[in-house]
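Only one structure is covered here, and it is reproduced in the block below.
Each value in this text was obtained by applying a stated rule to the coordinates, not by laboratory testing. Just so it is clear, the model here is predicted, and its values are computed rather than measured. Neighbour counts are summed over all protein chains in view; Cβ atoms, including those assigned to glycine, are modelled from backbone coordinates with ideal geometry.
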Amino acid sequence: MKDAVIVGGGLAGLSAAWRLRNWDVTLLESGSRVGGRIRSENRGRYFLNWGGHMFAGGKTATNSLITETQTRSSEIPGSLSAVSMNGKLLIDGPVQSYPFRIPMSLKDRASMIKAGVKVSADVLRYANAVRLRPNESSEMRQQRIYDFENDRSFADYIGELSEDAEAMFRPTITRSAADPDELAAGAGIGYFSLVWNIGQGLNRSIGGGPSNLVESIAAPLQENIQLDAKVYEIVHKKDHVVVRYRQDDIDHEIEALSVVLATPATVAHKIAVDLQEDKREALGQIVYGPYVSAAFLTNETEPQPWDRAYGIATPKRSFNVVMNQGNIVRGTESERQPGGSIMTFSPASLARKLLDQDDKDIVDTYIGDLDEVLPGFAGIVEEAQVQRWRTGAPYCFPGRGKLQPTLNALSGRVFLAGDYMGTLYTETAISSGFTAAQEAANILVTARQTRRHHPVQHPNENEPPQHQAGTASAGETTDTNSASTTITSEAS
Ligand SMILES: Cc1cc2nc3c(=O)[nH]c(=O)nc-3n(C[C@H](O)[C@H](O)[C@H](O)COP(=O)(O)OP(=O)(O)OC[C@H]3O[C@@H](n4cnc5c(N)ncnc54)[C@H](O)[C@@H]3O)c2cc1C
């Protein structure tokens, strides 16, 4: 009998495995690598990147994980709010000045300013509503974030926009993986809050590429990780859980005292067959939008006009943002070295147009657009690779807030983790992994204490222990969401 089985080897599952590393755990990952939607690869002094790349700093679970695993990280260098539109590349200056500096008609400018004023006022309201209040748990705050303007779509909220105004707003909204008519108004406003208050949200990068974080977590857990192990059923028994999976065309079964279920919600809904019914139903209602991304290794020998930018919004293109991954490497150099690395990112309807095309067609389309955004780009491409993410990110749709209490409620021995549990992507994945690990550890400590106090079989020993989030045992903190949560190291 294992202490815990962790299903899914993305950031959420790995974070749980990390915090449970002193127990007898096995992590089952269906893919041939860990990391899930984190994926980067080294190319000499650069790295190519296809997945998550901006991480939370400050007092966050991400920062705790980075520190505990001794992963190199730094603030992202360069402008995060550059834009290329109607033939103009703007790298610096306040975003509020963009409508005046991008060539467009008076009608478009007026529409953009009117909408900008409306959103600015609501960004302030949002910032006020979501501020952490004294003595409140992170769950309560998360609920308020979901509930903010959660009864209509962003398209309904913003109303009719001129063509250029709509094009300018789109890259910020669709980062969510949803189009403006799919995303809740409050979530859209939250994105503007994130983009306009640069520095408060996801503003850190991982040295050598995001996969370095994943590898730092996985390296000491190597013996506990099984790849190509696809879980198809998780069933509660009286005093344990059975996890069934398929590996090398053979069916396997593991029994465990607890399970951290860290797959996307769409998978969790299918495999956790006897999860409490309302919880399973809530999982089934989580919606993901797609992303297509591509990574380009370049071989320029001279400085480029985009060197100072990290993120360039690109309205009216086949991607909605260009990420200058080379900039992270460049942040540490005193003299411009040859080469570079660029990532393109197409979410929501942009991704839906590309998902079923051949890689070559996607690369050709991207390079055509990149050459217009970053003049001369087509001549410096050395390598290009595409990645499709059909479940790119879970987004906050109108009504999403109502699911949250059900998802958070504890039941049985299976604990959910994943970015769909909140609104901060990698930070949510990591913090939900930590929380699930704490909940699993509560069960394990209780089971151990029961065994110590009742060495002879007790008639009720097979009953699942009663537990609650935050029920701490000796050596554990009580705040299961705290970034600094510690779990008693009771190795078997
Ligand atoms: C292109 C792109 C850009 C992004 N940019 C950012 C960013 O800049 N900042 C940010 O914070 N976030 C970003 N994100 C989102 C971020 O990557 C995710 O929120 C985060 O990595 C999700 O982690 P997770 O562990 O919840 O899920 P996942 O990474 O999806 O992990 C789930 C794992 O479960 C495995 N699995 C699935 N089914 C089974 C099964 N049946 N049995 C066993 N294993 C299974 C999967 O293979 C996967 O490894 C981006 C995502 C993408 C795709």
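Over 26 Å between C-alpha atoms is what I'm after, so list which of LYS118/LYS353; LYS2/LYS238; LYS270/LYS316 land there. In this structure, LYS118/LYS353; LYS270/LYS316 lie more than 26 Å apart at Cα. Computed over the chain, the P(r) curve from all C-alpha pair distances, binned at 10 Å from the origin, holds 4, 19, 29, 25, 15, 6, 2, 0, 0 percent per bin. Once the chain from LYS237 to ARG141 is taken as fully extended at 0.36 nm per residue, the excess over their C-alpha distance is 31.1 nm. A simple spin-label model places the labels of ASP371 and ARG451 6.6 nm from each other, with each point 7 Å out along Cα-to-Cβ.
Between the listed residues VAL119, LEU89, ASN135, the Cα displaced farthest toward the positive end of the dipole of the stretch 74-145, a dipole computed from Cβ unit charges relative to the Cα centre, is found at VAL119.
Protection proxy ranking for 131-140, 114-123, using the average of other Cβ atoms within 10 Å per residue and placing the highest first: 114-123, 131-140. For the chain, DSSP calls about 75 percent of its internal beta bridges antiparallel. Scoring 320-332, 372-384, 420-432, 73-85 by mean Cβ neighbours within 10 Å over their residues and listing the highest first yields 420-432, 320-332, 73-85, 372-384.
Label positions at ASP249 and ARG336, each projected 7 Å from the Cα along the C-beta direction, are separated by 5.5 nm. A dipole drawn for the chain from +1 and -1 charges on Cβ atoms has a positive end, and of PHE319, ASN299, LEU27 the residue lying farthest that way is PHE319.
Contact order for the stretch 1-108, expressed relative to its length and based on alpha carbon pairs under 8 Å spaced 6+ residues apart, stands at 15 percent.
Specify whether the C-alpha gyration tensor of the stretch 29-188 places it in the rounded, prolate or oblate class, a ≥ b ≥ c being the square roots of the eigenvalues: rounded for a/c under 1.5, otherwise prolate if a/b is larger than b/c and oblate if not.
Numbers: a/c = 1.94, a/b = 1.31, b/c = 1.49.
Since a/c reaches 1.5 but b/c is at least a/b, the shape of the stretch 29-188 is classed as oblate.
Peptides 185-193, 236-244 ordered by packing proxy, namely the average of other Cβ atoms within 10 Å per residue, highest first: 185-193, 236-244.
For the stretch 100-196, with only Lys/Arg (+1) and Asp/Glu (-1) charged at the beta-carbon, what is the dipole magnitude about the Cα centre, in debye rounded to 20? Walk me through the numbers on the way to the answer.
Values: 13 positive and 15 negative charges, 111 e Å.
For the stretch 100-196, the charge dipole is close to 540 debye.
Taking amide H atoms as placed 1.01 Å from N in the peptide plane, the amide H of LEU416 lies under 5 Å from those of LEU261, each 5 or more residues away in sequence or on another chain. Taking the Cα centre of the chain as reference, the dipole from Cβ charges on Lys and Arg (+1) and Asp and Glu (-1) amounts to some 960 debye.
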